1. Report the residue count in region 156-171 for those that are open to solvent by 30 Å² or more (accessible area, probe 1.4 Å) and more than 23 Å from residue 122 (Cα to Cα).
2. Of (1) of a type in the set (A, V, I, L, M, F, W, C); (2) in contact (Cβ under 8 Å) with a residue 60 or more places away in the chain; (3) exposed (fewer than 15 other Cβ atoms within 10 Å of the Cβ), residue 134 satisfies all except one. Which?
3. Within the bounds of region 155-164, is there any residue that is closer than 19 Å to residue 88 by Cα and out of contact with any Ser or Thr (no Cβ under 9 Å at 6 or more places or on another chain)?
4. Do you know which residues across region 226-279 are in a loop (DSSP other than H, G, I, E, B), over 15 Å from residue 37 (Cβ atoms) and in contact with a His (Cβ under 8 Å, 6 or more places away or on another chain)?
5. For region 127-171, enumerate the residues that are aliphatic (A, V, I, L, M) and in contact with a strand residue (DSSP E or B) (Cβ under 7 Å, 6 or more places away or on another chain).
6. Out of 164, 105, 160, I need the residue that is over 18 Å from the mean Cα position of the chain (by Cα), within 22 Å of residue 223 (Cβ to Cβ), modelled with pLDDT of 95 or more and not aliphatic (A, V, I, L, M). Which one?
Amino acid sequence: MKILLLTVCIAVFLFCLYFYCIMPRFSRKKEAKKFLHYLFAHRGLFTPDQSIPENSMAAFTHAIRHGYGIELDIQLTKDKQVVVFHDHTLTRMCGIDLPVCEMTYEELQKFSLLHTEEKIPLFEDVLKLVKGKVPLLIEIKLPTIRTETCVLADRLLRQYNGDYCIESFNPLALGWYKKHRKDVIRGQLSANLTRPVAEGGYILCFLVKYLLLNFIGRPDFIAYCYKDTQNVSFLLNKCLWHTPTFAWTVRSEQVLKTSVKKFDSVIFDSFVPTNEYSV
């Protein structure tokens, strides 16, 4: 009898602990609504052939002209400049295998994005370009436990008058905003990171996949790969707590048609949606 009672107590404790870990923040639902029912152009509205390359000033200008929200990625250079760039290295976009974090902004300006005239932009310059015309969904690249990117980006964003929210795969980025900028809407990025195992190792990928680190940052929304949403933690957030959900990354009209019915906002690229689709 004692063993049974102990087993039940342990099961109840683990059940409560699980719910505590995956819970979102509830206090900013009203403020989060301004970012719902939007189509966000993934890394700007770049063209499929990348003649207008991703995360470029041209791609952001293109998105503004079409009235789409803009999703973009930020990270730090060696000289602590906040730049807009997705990959950790220049291999794919600039044809040279060098880490962004080991180069100064001046050094980065020697390279073009995919043989175009576009360069890696400063985050500050992108903010000046957008000027609040469309909402921004800012992904913070944080490959380590250091949150300096959050600090330096926030210095720029404090001077920005437009609507923006932040997101990251790293819960520590959300944790920094939870502690220092409670007013900013924040989102946890995730997907089926354990197949294959993404950067960080299996345990960390498992925890992020199942949103078990939500207690660190208490996200206001969940941005999840639209293919991977048969996940109990995602479904509990969506159906039990009505946490806003963003789909990433949709790359066709057909998938968009389905996603707008299942998600509150959609991040897309590789095509220009027709006017009949709105989230």
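1. Counting residues in region 156-171 that are open to solvent by 30 Å² or more (accessible area, probe 1.4 Å) and more than 23 Å from residue 122 (Cα to Cα) gives 0.
2. Here residue 134 clears every test but (3).
3. No: zero hits.
4. Hits for region 226-279 are 269, 272.
5. In the first step, residues of region 127-171 are kept if they are aliphatic (A, V, I, L, M); the result is 127, 129-130, 134, 136-138, 140, 142, 145, 151-153, 156-157, 166.
Of everything in region 127-171, those that are aliphatic (A, V, I, L, M) and in contact with a strand residue (DSSP E or B) (Cβ under 7 Å, 6 or more places away or on another chain) turn out to be 130, 134, 136, 137, 138, 140, 142, 152, 153, 156, 157, 166.
6. One residue alone meets the criteria, 160.
Conditions (1) part of a helix (DSSP H, G or I); (2) open to solvent by less than 50 Å² (accessible area, probe 1.4 Å), marked per residue:
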| position | (1), (2) |
| --- | --- |
| 144 | no, no |
| 154 | yes, yes |
| 173 | yes, yes |
| 192 | no, yes |
| 199 | no, no |
| 206 | yes, no |
| 219 | no, yes |
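Yes/no matrix, rows are residues, columns are (1) open to solvent by less than 30 Å² (accessible area, probe 1.4 Å); (2) hydrophobic (A, V, I, L, M, F, W, C); (3) outside any loop (DSSP other than H, G, I, E, B); (4) more than 25 Å from residue 174 (Cβ to Cβ):
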| site | (1), (2), (3), (4) |
| --- | --- |
| 74 | yes, yes, yes, no |
| 96 | no, yes, no, yes |
| 107 | no, no, yes, yes |
| 110 | no, no, no, yes |
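The values are calculated or read from the model by the stated rules, or taken from the named source; none is laboratory data. Remember, predicted model here, so these are calculated numbers, not experimental data. Note that we place each Cβ from the backbone using ideal geometry, even for glycine, and neighbour counts take in every protein chain shown. Calculation scope for accessible area: heavy atoms of the full protein, side chains included, ligands and nucleic acids excluded. Shrake-Rupley method; radii C 1.70, N 1.55, O 1.52, S 1.80 Å.
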